[in-house]
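Engineer: I'd like to ask some things about the structure below.
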Amino acid sequence: MGVAVKNDRLANAVLYLLRGCPDAGLTKLLKLLYFTDYHHYRDNLASVTGVQYVARARGPVVDRYEEEFDALERRGVLASREKMVLGHDKPKKEYLRLIDPDMDAFSESELATLDHVLMKYGQDTGVALSKMTHEEALPWSFVWDPEAPGGLIPYAMFRWLDNMADERDVATATERLQQAKVAAPSEDRP
């Protein structure tokens, strides 16, 4: 069954996530993909999907996701439907998997990350996941520019942000600098 997606990393990740969250709407699916690549890159310096992410108003998304998902539908990998949600004026778009993922496409670490993402985020709504991706000191917050939406989010940011100084680091550095100034020899001394 996985022949149609044998070498398609994005398709297999989408199918795997939809197998774990069959009711995922478009927003939730996009955020699950993002968290999959975010966590796997942070831990393994490699993407699961092989796609790029861009900063949009509602957070990071797969670059040209509309085209990517349309192509998966044309290939018979996915089907989409519109579903009304209580309390919303517009229907949400859901994707249904038509085939199973090719499990041989994933490494052990990729499967572990996919399972981790499903366990950690699978019960959250798309809206809740979207809010999580907007948190301060996450890649989207550094790239997002309302004047120029769609900026590319480099994968390197997924690791770089883990090494940013926090308030405690800044306080320690300031204290050490002050100690160094006191301990430095005076120019007036021989």
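No lab work stands behind these numbers, since they all come straight from the coordinates. This one's a predicted model, so the numbers in the text were calculated from it and none came from an experiment. When we count neighbours, we look across all protein chains shown, and the Cβ atoms used for this are built from the backbone with ideal geometry, even at glycine.
Engineer: Filter the chain for me: DSSP H helices, axial length by Cα at least 15 angstrom, mean Kyte-Doolittle hydropathy not below -1.0. List them by residue number. Don't skip to the end; give the middle numbers.
Structural biologist: Details: long enough: 9-20 (17 Å, 0.73); 26-44 (27 Å, -0.67); 108-121 (19 Å, -0.08); 167-183 (24 Å, -0.73).
Those that clear 15 Å and a mean of -1.0 are 9-20, 26-44, 108-121, 167-183.
Engineer: Sorting check: for 22-35, 73-86, which peptide has the highest mean count of neighbouring beta carbons within 10 Å, and how do the rest follow? If you can, show how the numbers build up before the last one.
Structural biologist: Numbers: 22-35: 21.4, 73-86: 12.4.
Taking the mean over residues of other Cβ atoms within 10 Å, the ranking is 22-35, 73-86.
Engineer: Under 26 Å between C-alpha atoms is the cut-off here; go through the chain and count lysine pairs that meet it, provided they're at least eight residues apart or on different chains.
Structural biologist: So the count of such lysine pairs works out to 25.
Engineer: Can you tell me the convex hull volume per residue for the range 1-106, based on C-alpha atoms, in Å³ to the nearest whole number? Walk me through the numbers before you get to the answer.
Structural biologist: Values: hull volume 11.4 nm³, N = 106.
It is 108 Å³ per residue.
Engineer: A further question follows. Relative contact order (percent) for the range 30-168, with alpha-carbon contacts under 8 angstrom and 6 or more residues of separation?
Structural biologist: Dividing the mean separation by the residue count of the range 30-168 yields 32 percent.
Engineer: Of all alpha-carbon pairs in the chain, indicate the percentage at a distance above 29 angstrom.
Structural biologist: 32
Engineer: Do the sum for the chain: with -39,500 (n - 2.57) for every DSSP H run of n ≥ 4, divided by all residues, what is the mean residue ellipticity at 222 nm, to the nearest 500 deg cm²/dmol?
Structural biologist: Value at 222 nm, helices only: -14500 deg cm²/dmol.
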